[in-house]
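Reviewing the structure listed below.
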Amino acid sequence: GAGVSQSPSNKVTEKGKDVELRCDPISGHTALYWYRQSLGQGLEFLIYFQGNSAPDKSGLPSDRFSAERTGGSVSTLTIQRTQQEDSAVYLCASSNDAGTVPYEQYFGPGTRLTVT
Amino acid sequence: GQSLEQPSEVTAVEGAIVQINCTYQTSGFYGLSWYQQHDGGAPTFLSYNALDGLEETGRFSSFLSRSDSYGYLLLQELQMKDSASYFCAPLNRDDKIIFGKGTRLHILP
């Protein structure tokens, strides 16, 4: 079946521009996560959506970052006025808390963002 | 607060056994997951321990001790393809999974 998809796969933008990153989770998955991973580093939690609950935004590094999830499915992560330190791979994951192994996260291929 | 510790790098020989340890501190702990990530790839789920003890899946086993806030991943009969980063990831009561910096496993022929 279809896995988690993300677009674009690569994005090069100039400092100060806004970018939007898209995530299509696995159909029926109620939970959606965004992470950021810099080269050779671990996964930095950004934001978490679970069903109709208010999202957990505790990992967003600044108010330039925002995310929304429409209709409980597709999610968009927006970074305004991009800075060079925003360069990283942005990973999206979804999970189904009613699954055989709840909380198993399925990751998308990521979007590699480069801010020049 | 939350904290997560695992070695940054481990080196082992092909065919051997290696153990990657993880200690964690998180409120409302539910269970411990392990993920594997190859260079340039996305993390993939390996195992989840909700209860104390050992869970075995083929060459990989994962152990949890709740009282010690400790777990480990055991990889047996190491193969070159096991060269990757391994993340322990505690799940807390808010259903949030926390990833650390991971352990990079180098395998020598």
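Consider the stretch B:32-63 and keep the residues that are in a loop (DSSP other than H, G, I, E, B) and more than 18 Å from B:Ala84 (Cβ to Cβ). The one that is farthest from the other protein chains (Cβ to nearest Cβ) is B:Asp52. Taking the listed residues A:Gln41, A:Gln37, the one that is under 18 Å from B:Ala89 (Cβ atoms) and open to solvent by less than 40 Å² (accessible area, probe 1.4 Å) is A:Gln37, with no other qualifying.
Can you confirm whether A:Thr70 is within 24 Å of B:Ala50 (Cα to Cα), open to solvent by 30 Å² or more (accessible area, probe 1.4 Å) and at pLDDT below 90? In short, no.
Does B:Ser83 satisfy the criteria of being without any contact (Cβ under 8 Å) to a residue 60 or more places away in the chain, among the hydroxyl-bearing types (Ser, Thr, Tyr), more than 14 Å from chain A (Cβ to nearest Cβ) and open to solvent by 10 Å² or more (accessible area, probe 1.4 Å)? So B:Ser83 fits the description; yes. Listed by position, the strands (runs of 3 or more DSSP E) inside the stretch A:10-54 whose residues that are at the interface with chain B (Cβ under 10 Å from one of its Cβ atoms) and touching a strand residue (DSSP E or B) at 6+ places or on another chain (Cβ under 9 Å) number at least 2 are A:31-37, A:44-50.
Among the residues in the stretch B:54-66, are any without any contact (Cβ under 8 Å) to a residue 40 or more places away in the chain, more than 30 Å from A:Gly51 (Cβ to Cβ) and charged (D, E, K, R)? Looking through the stretch B:54-66, at least one residue is without any contact (Cβ under 8 Å) to a residue 40 or more places away in the chain, more than 30 Å from A:Gly51 (Cβ to Cβ) and charged (D, E, K, R). A:Val19 meets all of the listed conditions (1) more than 25 Å from B:Ala84 (Cα to Cα); (2) open to solvent by less than 30 Å² (accessible area, probe 1.4 Å); (3) modelled with pLDDT of 95 or more; (4) within 11 Å of the chain's Cα centre (by Cα) but one, namely (4).
For A:Ser66, the stated conditions do not hold, so it cannot be described as polar (S, T, N, Q) and not in a strand (DSSP E or B).
The values are calculated or read from the model by the stated rules, or taken from the named source; none is laboratory data. The structure displayed is predicted, hence computed values, not measured ones. Glycine also receives a Cβ, built like all others from the backbone with ideal geometry; neighbour counts cover every protein chain displayed. Side chains included, ligands, DNA and RNA excluded: accessible areas come from the protein's heavy atoms. Shrake-Rupley method; radii C 1.70, N 1.55, O 1.52, S 1.80 Å.
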